[in-house]
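Input: a single structure, listed below in structure tokens.
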Amino acid sequence: MKKLKITLVGAGSISFALETLHDIALSERLKDETELELVLMDIVEDNMKRTYNYAKELFEAFNYPVNLWMTTKLHEAVEAADFVITAIEVERFFYWSQDFHIPRRYGSKQIFAENGGPGSMFHTLRNLPPLLEIAKKMEEVCPDAWIINYTNPEAKLVEALTKLTTIKVVGLCHGLHMGMEQLADILEMDVEELDVEGGGLNHFGFFTKIWNRETGEDLYPTFAEKERKANRLAHFDEYYMSRMMYRLYGYYPYPGSSHCGEYISYADDFYLGSKIRYAYDPLIDRPWQEGEPVLEWGRSFDQGLFDEAQSYDEWIIEEATFSMDKVEKSWEYAIPIIEAIMFDDPLEIPAVNLMNNGAIAGLPDDMVVETQAIADGNGIRFKPMTIPLPTAVIGIIHIQGMIHRLLIEAFLEESKTKLLQAVLLDPNAPTYYQAAAMIDELCEKQKEILPPLAWK
């Protein structure tokens with residue numbers, strides 16, 4: 001039996017924490033071949049206890065002898081850990097809604113603001129300090145451990161942690177699987193019948209190969225024919241921009257319109273969702289002021305006039321109530337990667353985020369990109385793409401790589417000026433004057449959670 005310590009930082013997360021717990025419970029190998037210590041850590045004790053109670057019921061139902069405990073203290077949580085899984089966010093929708101609306105108020109056409117666009121830069125600068133604290137503590141108490149990160153903006157944060165610490169870091173995202181479901185839909189096949197090669201930037205990848213898993217048949221000719229015949233308005237908000245990008249660049253993008261559109265200047269032409277994202281009426285609503293709720297993004301264009309949408313709190317209660325019916329293997333790769341490294345059992349992973357080092361031709365070696373990889377007892381390494389990405393796509397991603405660098409410099413130098421340089425590089429940048437005013441407003445509104453920044 002091998003001793004194994006896994007720590008979940010941000011254990012109050014509903015989606016990633018519970019999916020990770022399910023994957024652990026379903027892992028016969030971890031159950032039979034390890035003495036597992038599982039630590040749940042979060043700075044919000046109530047959220048952590050909610051996950052702890054769920055985990056207790058889960059492992060009791062599976063008769064799984066896990067040494068399960070929880071703590072709000074980072075040092076205790078990561079000391080002697082083998083793997084630290086991070087999924088952190090503070091007042092998620094409150095700040096995301098600012099990231100979205102305020103740059104648009106100053107002239108940006110950004111459509112989502114999670115991983116790309118001016119708003120994503122504030123998202124990065126909010127999440128970098130706590131992630132850096134985790135990695136620095138790991139340098140002290142578990143220097144050989146891996147961080148498996150789910151926190152966004154994935155590429156920006158993984159690059160910063162890789163450059164600013166000695167800890168081994170990999171970023172994971174299920175976006176490629178979301179894209180594969182779209183491919184399967186258009187091809188009228190089951191997603192299990194497909195195999196792919198793809199890569200690029202997190203939330204801006206392209207499938208350079210699609211083939212039939214059983215026969216090896218190249219499916220791009222069939223895909224091209226079916227895509228031409230498909231109803232142009234079907235699933236408009238998630239498919240149409242992706243289909244336009246496929247026609248423009250020659251390869252189908254992933255994970256979907258709302259994310260891919262974060263990195264291009266023309267997304268607003270093809271994405272309706274930005275019109276209802278965090279919708280509010282300025283005549284009667286006062287978002288971001290004490291006591292005022294911040295509305296989540298609109299999820300549907302066809303809700304009934306008096307339908308009562310499930311609130312976020314109601315959704316959390318529902319998700320955090322244990323039931324065996326909920327337990328199924330996720331699309332996530334954290335636990336399979338841990339198994340591969342622990343048991344030196346090679347595993348091919350369709351997409352991870354690591355430093356490029358030649359895996360994607362045409363992009364800087366010292367930029368974090370996303371493509372296929374292999375995990376085994378030696379760690380995780382890219383499996384280079386065999387087909388180059390189009391020149392235009394390389395150009396778009398290269399700009400983001402320079403933004404990554406500038407954000408790290410802005411953080412280290414506590415510089416609004418470097419942040420302005422990064423904003424003005426972005427395809428969805430406002431004008432110079434608008435961008436400077438936007439930075440000042442967001443820095444003021446988010447001063448409690450941003451690192452200190454000043455004009456220099």
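Within region 444-456, being in contact (Cβ under 8 Å) with a residue 12 or more places away in the chain and out of contact with any Phe, Trp or Tyr (no Cβ under 8 Å at 6 or more places or on another chain) holds for 452, 453, 454, 455, 456.
Total residues in region 113-136 satisfying the condition of being farther than 14 Å from residue 162 by Cα and either assigned to a helix (DSSP H, G or I) or of a type in the set (Ser, Thr, Tyr) (or both): the figure is 11. Applying the criterion of being in a helix (DSSP H, G or I) and of a type in the set (D, E, K, R) to the residues of region 75-95, the residue that is farthest from residue 265 (Cα to Cα) is 76.
The condition (being in a loop (DSSP other than H, G, I, E, B), polar (S, T, N, Q) and farther than 21 Å from residue 334 by Cα) is satisfied by just one residue among 110, 98: 110.
Suppose we keep only residues that are of a type in the set (Ser, Thr, Tyr) and closer than 26 Å to residue 125 by Cβ within region 41-90. Which one would you say is surrounded by the fewest Cβ atoms within 10 Å (Cβ to Cβ)? That would be 72.
Within region 191-201, none of the residues are under 30 Å from residue 126 (Cα atoms), out of contact with any Asp or Glu (no Cβ under 6 Å at 6 or more places or on another chain) and of a type in the set (Val, Ile, Thr).
In summary, residue 139 fulfils each of the numbered conditions (1) within 20 Å of residue 15 (Cβ to Cβ); (2) part of a helix (DSSP H, G or I); (3) among the charged types (D, E, K, R) with the single exception of condition (1).
Taking region 98-112 as the range and being touching a His at 6+ places or on another chain (Cβ under 8 Å) and more than 13 Å from residue 257 (Cα to Cα) as the test, only 99 passes.
When 70, 48 are checked against the criterion of being assigned to a strand (DSSP E or B) and over 30 Å from residue 271 (Cβ atoms), 70 stands alone in meeting it. Just one of the listed residues (170, 158) is within 21 Å of residue 330 (Cβ to Cβ), touching a residue at least 40 places away in the same chain (Cβ under 8 Å) and in a strand (DSSP E or B), and it is 170.
Restricting attention to region 197-231, the residues that are within 21 Å of residue 269 (Cβ to Cβ) and loosely packed, with under 12 Cβ neighbours inside 10 Å total 2. If we scan region 209-225, do we find a residue that is modelled with pLDDT under 95 and not polar (S, T, N, Q)? No; the residues of region 209-225 include none that is modelled with pLDDT under 95 and not polar (S, T, N, Q).
Selection of region 269-287 for residues being part of a loop (DSSP other than H, G, I, E, B), under 20 Å from residue 236 (Cα atoms) and basic (Lys, Arg) yields only 277.
The values are calculated or read from the model by the stated rules, or taken from the named source; none is laboratory data. Fair warning: this is a prediction, and the values are worked out from it, not measured in the lab. Heads up, the Cβs are rebuilt from the backbone with ideal geometry, glycines too, and the neighbour counts pull from every protein chain shown.
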